[in-house]
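Here's the structure, in structure tokens; my notes come after.
The values are calculated or read from the model by the stated rules, or taken from the named source; none is laboratory data. Since this is a predicted model, take the numbers as computed values, not measurements. Methodologically, a virtual Cβ is constructed for each residue, glycine included, from the backbone with ideal geometry; neighbour enumeration extends over all protein chains shown. Surface accessibility is based on the protein's heavy atoms, side chains included, excluding ligands, DNA and RNA. Shrake-Rupley method; radii C 1.70, N 1.55, O 1.52, S 1.80 Å.
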Amino acid sequence: MFSLAYAQQVNIKGTIRDKSGSAIPGVSVKVKNATSGVSSGGEGEFTISASPQGTLIFSAVGYASQEIQI
């Protein structure tokens, strides 16, 4: 008997802004412990597919990296 389990993925959409509310383009957004990743667009927007129990890692030059649990 075989049992298969598939991890369900969800699309995460967001906009990355600094403390003053300005969009930050070019931020690297990666899924922790995975190879997938995207960069935020010109208005700081991003969309990435990840497990609902995953963690996103945000990093950009001049800013401290942040890990955010989904």
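Taking the accessible area of the chain, probe 1.4 Å, and keeping the other protein chains in place, the carbon and sulfur fraction comes to 52%. A DSSP coil position with no more than 10 other Cβ atoms inside 10 Å describes the following trypsin sites (Lys or Arg not before Pro) in the chain: Lys19.
Under 12 Å from the Cβ of Gly54, count the other residues' Cβ atoms, weight Lys and Arg +1, Asp and Glu -1, and hand me the total. Taking every other residue near Gly54 into account, the sum is +1.
Given the chain reduced to its alpha-carbon atoms as identical point scatterers, what log10 I(q)/I(0) does the Debye formula return at q = 0.19, 0.20 Å⁻¹? So the normalised log intensities work out to -0.73, -0.80. Relative contact order of the stretch 15-70, taken over Cα pairs closer than 8 Å and 6 or more residues apart, is 31 percent. Computed from backbone phi, the HN-Hα couplings of the stretch 48-58 come to 9, 9, 7, 5, x, 9, x, 10, 9, 10, 10 Hz, rounded to whole numbers (Karplus: 6.51 cos²θ - 1.76 cosθ + 1.60, θ = phi - 60°; Gly and Pro given as x).
Each other residue within a Cβ distance under 10 Å of Thr15 adds +1 if Lys or Arg and -1 if Asp or Glu, for a net charge of 0.
Please give me the summed charge of the neighbours of Val27: other residues whose Cβ is under 12 Å from its Cβ, Lys and Arg +1, Asp and Glu -1.
-1
Length gained on full extension, Lys19 to Ser39: 5.3 nm, using 0.36 nm per residue less the C-alpha separation.
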